[in-house]
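As structure tokens, the structure follows; a few thoughts come after it.
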Amino acid sequence: MRTSGIFFATLLLWTGLASAQSWTPLAHQPSFNANTALLLTDGTVMVQDTETPNWWLLTPDETGSYVNGTWKILSSMSPDYGPLYHASAVLPDGRVIIEGGEYNLGKETLTNQGEIYDPTTDRWVPVSPPAGWAFIGDAQSVVLANGIFMLADSQSRQQALLDAKTLAWTPTGTGKFDINDEEGWNLLPSGKVLTVDAYVDHYDATGSHSEIYTPASGAWVSAGSTVAQLWDAAWPCGGSPSYEVGPAVLRPNGTVFATGANSCGAGHTAIYNPFKNAWTAGPDIPNGDDIADGPAALLPNGNVLIDSSPGIYQLGTTFYIFDGSRFNEAPGPPNSLVDSSYNGSMLVLPTGQILFTDCSSDVEIFTAKHTYNPEWAPAIVTAPSTVVRGNSYKISGTQFNGLSQGAAYGDDAQAATNYPLVRITNNATGHVFYARTRGHSSMGVATKARIVSTHFLVSPFMETGPSTLVVVANGIPSSPVAVTVD
């Protein structure tokens, strides 16, 4: 069981032109202990003050830099709801949903509370739990390809789907092998959802089972053996099992790279091939490290950055980059020596940077080397040539949702960014503006040649004149198109 009130801060940043890997602290560090971070569809970042109802907004500067961004406080959740280790997502209409929490206001409760935030009104609205759910806790969640939010009850085999307009829940998820506790979900290009079973109610030290959820049927079926055991069962080695697993990330080649917690001194990994519906063992995390809950993020170059530590909840983090076949050690942020993997959270920014928070007031940015494959970029097919401030427009093209959800955690703290942002840069000043998007036609990943669309609202404060417009997904921009802002 993770403890509350331990403060960790780390951040990762990437730019397409970067030539080295390094950490950079924010120029304006937060005055609060930064935890869960979510990318809003206007390019700002919403960050929770750890274990409180309070949230803050990080806005990039006029050049689009998050390092030089500034903070302002947002409205707060209900005073009795300040969750830690909860489900989270940005919905297709741009609102943010927060559900459950292993801790609430610093106390272990496995709360079933939830709220939705509307950034256009700066207002939170409570959400009742699905019927009969006494707990939600440190739950997994996902926005399905059809835009519907799916949530787990961490203490049972139950899942539910949310109608975001009415806030009504519908049960789903028949045939689940074990309870949801400690498991994570990965959205696949097929629209199905993959999970690695954590065997919380199967006291089996040799378990290596996975499952797939199909939205059309609402049922789970076996996805076979992960070959390497990924969930922790320390009891054969003299300890108590934590049942934790590490994060799993969908890579541009269509495979899912899944990491594991310490199982008798080795943090195993496994790779799922959805085209073959089969797993192969990946390399162990070096030096006996593991990820007993912790973050990972897809870098724009297709590699995966992970945050590991030795054993279950032990201090001292090491960052590695998985390049598809092996791990390469990356530099560590200032708090590495005093943190455990579970303290960290990662978020893919529209600049290609990775935001990393650790429940402290230190936020760092990691800049990774190498660039992305142009074939992975969104491509604009239709866009307006002239836009008027204060008006909304439709834009269409391919791969607007990127190739992956982007970032992951062991189970809770979801920070997916598989939705399009529209970035407009004024030609004369070079100043960067984001136009709030909403109503995405798809929330799928790796949609390839399929034409998808979104709507964007031009800010009334945007500079006028000739500009360039790009669509960004998972930190990768499309080729620019010319647009005049009136």
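Numbers below:
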quantity	calculated
Of all residues making up the range 181-197, the number that are farther than 16 Å from F135 by Cβ, in a loop (DSSP other than H, G, I, E, B) and either without any contact (Cβ under 8 Å) to a residue 24 or more places away in the chain or in contact with a strand residue (DSSP E or B) (Cβ under 7 Å, 6 or more places away or on another chain) (or both)	4
From G294, G265, G260, residue being surrounded by 15 or more Cβ atoms within 10 Å (Cβ to Cβ) and either basic (K, R) or not in a strand (DSSP E or B) (or both)	G294
Top-ranked residue of the range 363-386 - restricted to ones that are among the β-branched types (V, I, T) and more than 16 Å from L421 (Cα to Cα), ranked as surrounded by the fewest Cβ atoms within 10 Å (Cβ to Cβ)	T386
In the range 58-73, residue farthest from the chain's Cα centre (by Cα) [restricted to those that are under 18 Å from F356 (Cβ atoms) and part of a strand (DSSP E or B)]	W71
Single condition S217 does not satisfy, out of (1) farther than 28 Å from G282 by Cβ; (2) part of a strand (DSSP E or B)	(2)
Flag for Q314 being of a type outside the set (F, W, Y) and either at positive phi or free of Cβ contacts under 8 Å to residues at least 60 places away in the same chain (or both)	yes
Within the range 434-454, tally of residues that are surrounded by fewer than 18 Cβ atoms within 10 Å (Cβ to Cβ) and not in a loop (DSSP other than H, G, I, E, B)	1
Hits in the range 137-148 - residues which are surrounded by 24 or more Cβ atoms within 10 Å (Cβ to Cβ) and under 20 Å from T166 (Cα atoms)	S141, V142, V143
Members of the range 456-486 that are outside any loop (DSSP other than H, G, I, E, B) and buried (at least 19 other Cβ atoms within 10 Å of the Cβ)	F456, L457, S467, L469, V470, V471, V472, A473, I476, P477, V483, V485
Some residue of the range 13-35 being at pLDDT below 95 and buried (at least 22 other Cβ atoms within 10 Å of the Cβ)	yes
Residue tally, condition modelled with pLDDT of 95 or more and either touching a Pro at 6+ places or on another chain (Cβ under 6 Å) or outside the structural domain of V249 (by TED's automatic domain parsing) (or both), over the range 335-354	3
Of all residues making up the range 288-325, the number that are hydrophobic (A, V, I, L, M, F, W, C) and either within 18 Å of P252 (Cα to Cα) or outside the structural domain of G267 (by TED's automatic domain parsing) (or both)	9
Candidate set: the range 304-334, residues that are buried (at least 19 other Cβ atoms within 10 Å of the Cβ) and not in a strand (DSSP E or B); chosen: the one modelled with the highest pLDDT	T317
Test result for Y409, of a type in the set (F, W, Y) and closer than 30 Å to Y342 by Cβ	yes
Hey, T111 assigned to a loop (DSSP other than H, G, I, E, B), of a type outside the set (G, A, S) and surrounded by fewer than 19 Cβ atoms within 10 Å (Cβ to Cβ) or not	no
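The values are calculated or read from the model by the stated rules, or taken from the named source; none is laboratory data. All values derive from a computational prediction rather than experimental measurement. Methodologically, a virtual Cβ is constructed for each residue, glycine included, from the backbone with ideal geometry; neighbour enumeration extends over all protein chains shown.
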